[in-house]
Each structure stands twice: as structure tokens, then as C-alpha cells.
Amino acid sequence: MTTTTPTTDRPDRAPTPRGRRIRWISLAVVALTIVTGAVFGSRLGKDPNLVDSPMIGKPVPAATLPFLEGKGSLSLASLRGKVVVVNFWASWCVPCRTEHPALVSTARDYAKSGVVFVGVNYQDRRGSAVAFLDELGRGEAASYRYVTDPGSKLALGLGVFGVPETYFLDRTGKIVGKITGPSDRPVLAAALDAILAGRTPESSTDRPVQPAPSK
């Protein structure tokens, strides 16, 4: 007696076999890796960058800014004759934590060259801002001033959208460069070296900033 075994479809003859699925998944992973690498690779060595701004070449807006800690205020006009770095920051800003050590160390190292850093606390609570400095440290008083910006008047005058943003002023009070996004030591040093030598820092593309929580 002959027994006939019914035929069935074999898995390897299915329209979408396991091997093909694995191959497609692998291709997708490779493509994602290439795209991610291209994005971050294009930023490597460029971010953060000095960026073009409509304010570059113009005098910094007149401003008298109350000190974050203690009494009194700072007039930007009183800093004429010095190279000034104006950095907008906030305690709620994640990138500000990343850049803070570079700002403090660069301010210390360029103090003898007549460079002053001004940290402008942006749309923040005074207590939170002070706690931020208590945790991460402060720049030396002679070369780093921490101030507030009531009503964000200076920020509005400069067109600040979020933080961190950093502006470079030459000895005449003219804005000659800007960093959008977190700064680092090489970019800060390169910009300051250029300004101290009488050159204008080069500009390039920017990166996003963190807007205030209320925005």
C-alpha cells in the first residue's frame, strides 16, 4: 500500500523568509548609522560655532545690570577698553552645565590679557541661579561678573532666543562675534586670540539653543 504525504508550503519558500527579514533589518541599521554619523560628523570640530548675527559690527546695547549676588550693578559701558565675553545662561539650561567649566577656566587664563567675562542670568530664579554656581563653581571676581537682566532687556536688544548664547565685544564695545549653543575651550580661545590680535573671529553655522521653559 502506498501512502501519499500531502504537500505543504516550506518556510523557506515563504514570500518574506527569515533571511530576507534579517537582511532588511541589517540594511536599515546600516542606513541609520550612516545618517547619524553624517549628522554628527558634520558637526565634529564645528559645534559650538561662531555664527553670523545681525548684531555683529554694532555696539552692544547700553545696559546696567544688577549683580546676581550682593548689591550694586554693572554698566557694560564701564568695561570699555577691555575685551568682554557676555554669556547668557540659566540654571534650567542643560547645555549651560556642560559649558560652565570651559567658561570659568578660560576667564581665569585670559584675565591678564584684559578679558572680562559677564555671565547674564536669563529668565531664571535668583535662588536657583545661585545654587547652580554653588554647585559648579564661580569664576574669579576680578575677571568674571554674574548679573541679572530684569525684563530681559539686554537679551531682547541682542535678539537672544534661548541659552546658552555668548557674545564677544572688542575694546570699543562693538560686537565682533557670537557663539550659539554651548561653548568650549578651543572655540573660546580661538575667538579671544583673534580679537586680541585685532582680527574678527570667523563665523560658521550654529546649533540649537534651549529656550526658556515658558516658551
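The values are calculated or read from the model by the stated rules, or taken from the named source; none is laboratory data. Everything numeric in this text was worked out from a predicted model, so none of it was measured. Heads up, the Cβs are rebuilt from the backbone with ideal geometry, glycines too, and the neighbour counts pull from every protein chain shown.
Annotations for the structure displayed:
- Contacts under 8 angstrom Cβ, first residue in the stretch 123-152 being touching a residue at least 60 places away in the same chain (Cβ under 8 Å), partner among the basic types (K, R) and surrounded by 11 or more Cβ atoms within 10 Å (Cβ to Cβ), 6 or more apart: Y146/R138; T148/R126
- Yes/no for S183 being surrounded by 15 or more Cβ atoms within 10 Å (Cβ to Cβ), within 13 Å of A63 (Cβ to Cβ) and of a type in the set (G, A, S): no
- Residue within the stretch 125-138 that is touching a helix residue (DSSP H, G or I) at 6+ places or on another chain (Cβ under 6 Å) and surrounded by 21 or more Cβ atoms within 10 Å (Cβ to Cβ) present: no
- Condition met for P182 (in a loop (DSSP other than H, G, I, E, B) and either at pLDDT 90 or above or not assigned by TED's automatic domain parsing to the domain that holds V86 (or both)): yes
- Among the residues listed as G57, G72, the single one being more than 14 Å from N121 (Cα to Cα), in contact with a strand residue (DSSP E or B) (Cβ under 9 Å, 6 or more places away or on another chain) and at pLDDT below 95: G57
- Among (1) on the phi < 0 side of the Ramachandran plot; (2) surrounded by fewer than 16 Cβ atoms within 10 Å (Cβ to Cβ); (3) not hydrophobic (A, V, I, L, M, F, W, C) - the single one G159 does not satisfy: (1)
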